[in-house]
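Q: I'd like to ask you about the structure that follows.
The values are calculated or read from the model by the stated rules, or taken from the named source; none is laboratory data. The shown structure was predicted, so the numbers you read here are calculated from the model rather than taken from an experiment. Positions of Cβ are backbone-derived with ideal geometry, glycine not excepted, and every protein chain shown enters the neighbour counts. Heads up: the accessible areas ignore ligands, DNA and RNA and are worked out on the full protein's heavy atoms, side chains in. Shrake-Rupley method; radii C 1.70, N 1.55, O 1.52, S 1.80 Å.
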Amino acid sequence: MSQRKQKMTLEKKHSLTGWGFLMPAALLILIMNFYPMLKALLLSFQTGKGNILKFAGLYNYQRMLQDQVFIQSVKNCFLYLIIQVPIMLILALMLASMLNNKDLKFKGLFRTAIFLPCATSLVSYATIFRSLFATDGLINTALIKLGILDVGYSFLTHATSARIVIILALIWRWTGYNMVFYLAAFQNIDYSIYEAACIDGASAFDIFRKMTVPLLKPTILLTVIMSTNGTLQLFDESVNLTGGGPANATITMSHYIYDMSFKYVPNFGYAAAMSYLILVLVAVLAFIQMKAGDSRE
């Protein structure tokens, strides 16, 4: 009996010690994450300018349906999501498949070169792309030299071309990031499977479509969810690359929330409501993607 009591006391001490280590981090998460989220939820039901707020029910959520700038920002985010994410992930998967070849020389160099854009500061790379596609930038200079253009084209002042520039910038910045996830997943696949497929006469495309994609399905699902989340919260490219222009043609939801909070007369209640809409969109899309990618019966 005494041994059992002593054992229970020791287990209790271990449990208390574990909780003692966890509590500081748990308190920080509660104070820094969940408390602001709760305050933002309450704030989304209030309206007013600056610190003068009053309860307004669902007014802010109704206002979003009539706000043409916000509707445009939602359209832009989904445009980037539909075009950029599939191209980026397919390109990342193809690069990872090629760089997984054990006979390829200088693999480390190629992997590092493709991943390096991801290590670039978000503000810096947006500024670089802004300079590249400026009227007197490198892209226009090259096109004029090749005889494709007579004078420099203002890419960033036309809606379609400005969106294309943002999509190109996103692909350049994040392809290497997703490639690393696929390369890590490849390490759990026995390379002899690919060698056997080659001996059986399978083409490179068949190997990629019928072997690589199914085997990497969990990792592909993970990168799809992360990329969807990141695209719906896109901010730096809109702010630093195009400034949301021309005429809000490239503005994103996060950019508009920032403007509503800090650029215009502060309307924190409306900004909080828009933030929660992003949360709902991310949660719903993640749920749909997980259901669609769940192969269990």
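Q: Going by the alpha-carbon gyration tensor, a ≥ b ≥ c the square roots of its eigenvalues, is region 141-297 rounded (a/c under 1.5) or, if a/c is not under 1.5, prolate (a/b greater than b/c) versus oblate?
A: oblate
Q: How high is the relative contact order of region 67-294, given as a whole-number percent (alpha carbon pairs under 8 Å, six or more residues apart)?
A: Dividing the mean separation by the residue count of region 67-294 yields 30 percent.
Q: Using the heavy atoms of the protein chains alone and a 1.4 angstrom probe, what is the accessible area of the chain per residue in square angstrom?
A: Spelled out: the 1.4 Å probe surface of the chain, per residue, equals 61 Å².
Q: Related question: Note down the magnitude of the dipole of the chain about its Cα centre, charges +1 on Lys and Arg C-beta and -1 on Asp and Glu C-beta and zero elsewhere, to the nearest 20 debye. Walk me through the numbers on the way to the answer.
A: Details: 24 positive and 14 negative charges, 224 e Å.
Taking the Cα centre of the chain as origin, the dipole is about 1080 debye.
Q: With n ≥ 4 as the cut-off for DSSP H runs, can you work out [θ] at 222 nm for the chain, using -39500 (n - 2.57) per run divided by the number of residues, rounded to the nearest 500?
A: -21500 deg cm²/dmol
Q: Still on this model: Each residue of region 102-108 in turn: what ³J(HN,Hα) in whole Hz from Karplus with 6.51, -1.76, 1.60 and θ = phi - 60°, glycine and Pro shown as x?
A: 5, 8, 6, 8, 6, 4, x
Q: Could you give the length gained on full extension between Lys102 and Leu122, defined as 0.36 nm per residue of separation minus the Cα-Cα distance, in nm? Provide the component values of the computation, followed by the final result.
A: Details: separation 20, 0.36 × 20 = 7.20 nm, distance 3.29 nm.
Length gained between Lys102 and Leu122: 3.9 nm.
Q: Tell me, how many Å apart are the Cα centres for region 27-86 and for region 274-290?
A: Centre-to-centre (Cα) distance: 12 Å.
Q: Within 13 Å, Cβ to Cβ, of Asn267, how many net charges do the neighbouring residues add up to if Lys/Arg are +1 and Asp/Glu are -1?
A: +2
Q: Can you list the trypsin sites (Lys or Arg not before Pro) in region 255-297 that are in a DSSP coil and have 13 or fewer other beta carbons within 10 angstrom?
A: Arg296
Q: Counting only protein heavy atoms, what percent of the accessible surface of the chain is carbon or sulfur at a 1.4 Å probe?
A: Accessible surface attributable to carbon and sulfur in the chain totals 68 percent.
Q: Let me have the relative contact order for region 211-258, percent, based on Cα pairs under 8 Å that are six or more residues apart.
A: Computed over region 211-258, the figure is 31 percent.
Q: Still on this structure: Ranked highest first by average number of other Cβ atoms within 10 Å, how do 106-113, 26-33, 135-142, 162-169 line up?
A: Sorting 106-113, 26-33, 135-142, 162-169 by mean packing, highest first, produces 162-169, 135-142, 106-113, 26-33.
Q: Here is the link list: Lys75/Lys263; Lys210/Lys291; Lys105/Lys145; Lys39/Lys263. Which ones come out longer than 25 Å on Cα distance?
A: Long pairs (Cα-Cα over 25 Å): Lys105/Lys145.
Q: Still on this model: Please list 3J(HN,Hα) in residue order for region 136-146, calculated via the Karplus relation 6.51 cos²θ - 1.76 cosθ + 1.60 where θ = phi - 60°; whole Hz, with x for glycine and proline.
A: Here the 3J(HN,Hα) series is 9, x, 5, 5, 5, 4, 5, 5, 5, 4, 7 Hz.
Q: Given R₀ = 41 Å, FRET efficiency for Leu38-Ala113 by Cβ-Cβ distance, to 0.05?
A: 0.35
Q: When only Cα pairs under 8 Å and 6 or more residues apart are kept, what is the percent relative contact order across region 71-174?
A: 31 percent
Q: Kindly list the residues of region 254-271 that lie in the label zone of Tyr59, defined by a backbone N under 12 Å from the point 7 Å along the Cα-to-C-beta vector.
A: Counting only backbone N, you get 269-270.
Q: Is the shape of the chain best called rounded, prolate or oblate, per the rule: a/c under 1.5 gives rounded, else a/b larger than b/c gives prolate, else oblate, with a ≥ b ≥ c the square roots of the Cα gyration tensor eigenvalues? Write down the numbers at each step before the final one.
A: Values: a/c = 2.13, a/b = 1.03, b/c = 2.06.
Oblate.
Q: Here is a follow-up. State whether region 191-246 is rounded, prolate or oblate according to the following rule on the C-alpha gyration tensor (a ≥ b ≥ c being the square roots of its eigenvalues): a/c under 1.5 gives rounded; otherwise a/b larger than b/c gives prolate, and the remaining case gives oblate. Walk me through the numbers before you get to the answer.
A: Working: a/c = 5.31, a/b = 3.04, b/c = 1.75.
Prolate.
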